[in-house]
Amino acid sequence: MIQPLKTVVDDGLLITDIRPHSEQKYERIKYLAEMFASGMKDKWECRVYLDLFSGCGYSRVEGTDRILQNSSLLAMDIAFPFDRYIFCEKDNKKIEALRTRVARGLARAEVKFVTGDSNKTVTEIKSFVPKGSKEYKVLTLCLIDPFRLQDIKFATIEALAQIIIDFVVIIPSYMDANRNQTKYCEPGDNTIDEFLGSSEWRVEWQKVRSKSREFGNFLVSKFDAQMVKLGFHSSKDEGMHLVQLGDKHVKLYHIACYSRNKLGMEFWKRTLKGSAKQLDLF
Ligand SMILES: C[S@@+](CC[C@H](N)C(=O)[O-])C[C@H]1O[C@@H](n2cnc3c(N)ncnc32)[C@H](O)[C@@H]1O
């Protein structure tokens, strides 16, 4: 069941502003983390939650005095918390605020913090994921929640994909890709090349752009194809949702789930379907 997000009180530490529509994203993240952590608890000896873009822990909804837990704390404040949490954030002030908030003890789990650009600290991040074995199976859920496409490089996903891992990826398909299409399609701009880990998209985009295909939508299908090349099941068929503003006209971003396991993918589809029904967003 999707529960309304609880509000928290101002604790005097850093709080970042979010747009009102981000509340919908938070509800979804909490639901997915909750379902994953409880659904996997009897199947895996160690469940790891990895947040590549952790933020500071608290967010204020713009234009209101509502303060909410962000993805990091939402993923801790669940019925069956993960066994280990890894929080990564490039902004030192944000990670210090998060560290203080985590120290208050929402979950009895091991917590690691990694400061810096997640694309550069990926080796350190991986070193914090316990080594798995036949007797000690380790499954990681990684949330990728960037502001902009340039914040995440496909090479980082590729490096993390060497372990047993499922991904939940917020793809800023319309908020960023569609809006900045002209800039990203300029010959010298490598934002999309790095996001997709390939420059092949340019030739294909030239072929389809005249057929009134939207760039945001095109990008998502290319990203999905790149994940398939890494051995993940495609998310296109029910494993992915376009998040729009309430009136269903303003497209914002896609949320996509990836697993290499067929059952894992079924799990994600059902989870997404369940939350979509309840939220009536998509
Ligand atoms: C869209 S916010 C998401 C924050 C958080 N997940 C939430 O629930 O609100 C992105 C966060 O990632 C951080 N960030 C951006 N690029 C990053 C990078 N390359 N490596 C690590 N952190 C990054 C930003 O400082 C910001 O706090």
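Would you please name the residue that is nearest to the chain's Cα centre (by Cα), looking only at residues in the range 62-85 that are part of a strand (DSSP E or B) and under 25 Å from Y136 (Cα atoms)?
Narrowing the range 62-85 to residues part of a strand (DSSP E or B): 67-69, 84-85.
Now narrow it down to the ones that are under 25 Å from Y136 (Cα atoms): 84-85.
On the way: R84: 17, Y85: 14 Å.
Selected residue: Y85.
With the condition being in contact with a His (Cβ under 7 Å, 6 or more places away or on another chain) and open to solvent by less than 10 Å² (accessible area, probe 1.4 Å), I'd like the helices (runs of 4 or more DSSP H) fully within the range 173-282 carrying at least 3 qualifying residues. Give the steps one after another, and end with the answer.
Details: elements: 181-184, 191-196, 201-208, 215-229, 262-279.
Here the list is empty.
Among the residues of the range 221-278 satisfying the criterion of being free of Cβ contacts under 8 Å to residues at least 40 places away in the same chain and at positive phi, which is nearest to the chain's Cα centre (by Cα)?
Step by step, filter the range 221-278, then rank; the result is E238.
Looking at this structure, is K153 within 30 Å of N178 (Cβ to Cβ) and either open to solvent by 10 Å² or more (accessible area, probe 1.4 Å) or in contact with a strand residue (DSSP E or B) (Cβ under 7 Å, 6 or more places away or on another chain) (or both)?
Details: within 30 Å of N178 (Cβ to Cβ): yes; either open to solvent by 10 Å² or more (accessible area, probe 1.4 Å) or in contact with a strand residue (DSSP E or B) (Cβ under 7 Å, 6 or more places away or on another chain) (or both): yes.
It is true that K153 is within 30 Å of N178 (Cβ to Cβ) and either open to solvent by 10 Å² or more (accessible area, probe 1.4 Å) or in contact with a strand residue (DSSP E or B) (Cβ under 7 Å, 6 or more places away or on another chain) (or both).
If I filter the range 1-13 down to residues being within 16 Å of the ligand (Cβ to nearest atom) and open to solvent by less than 40 Å² (accessible area, probe 1.4 Å), which single residue comes out as nearest to the chain's Cα centre (by Cα)? Before you say what the answer is, go through the steps one by one.
The first filter runs over the range 1-13 and keeps only residues within 16 Å of the ligand (Cβ to nearest atom), leaving 5-8, 13.
Within this subset, residues satisfying the condition of being open to solvent by less than 40 Å² (accessible area, probe 1.4 Å) are 5, 8.
Working: L5: 18, V8: 23 Å.
Here the residue is L5.
Take the range 14-43 and flag every residue that is more than 14 Å from the ligand (Cβ to nearest atom), in a loop (DSSP other than H, G, I, E, B) and open to solvent by less than 60 Å² (accessible area, probe 1.4 Å).
M40
Considering (1) open to solvent by 60 Å² or more (accessible area, probe 1.4 Å); (2) part of a strand (DSSP E or B), say which one D166 fails and leave the rest.
(1)
Could you tell me how many of the residues in the range 86-122 are touching a residue at least 40 places away in the same chain (Cβ under 8 Å), in a helix (DSSP H, G or I) and in contact with a helix residue (DSSP H, G or I) (Cβ under 9 Å, 6 or more places away or on another chain)?
3
Name the residue, out of S72, S133, S118, S127, that is surrounded by 19 or more Cβ atoms within 10 Å (Cβ to Cβ) and either among the charged types (D, E, K, R) or over 24 Å from T7 (Cβ atoms) (or both).
Working: S72 fails: either among the charged types (D, E, K, R) or over 24 Å from T7 (Cβ atoms) (or both); S133 fails: surrounded by 19 or more Cβ atoms within 10 Å (Cβ to Cβ); S127 fails: surrounded by 19 or more Cβ atoms within 10 Å (Cβ to Cβ).
The unique qualifying residue is S118.
The values are calculated or read from the model by the stated rules, or taken from the named source; none is laboratory data. Just so we're clear, the structure is a prediction, and the values are computed from it rather than from any experiment. We place every Cβ from the backbone using ideal geometry, glycine too, and count neighbours over all the protein chains shown. The accessibility values were calculated without ligands, DNA or RNA, using every heavy atom of the protein model including side chains. Shrake-Rupley method; radii C 1.70, N 1.55, O 1.52, S 1.80 Å.
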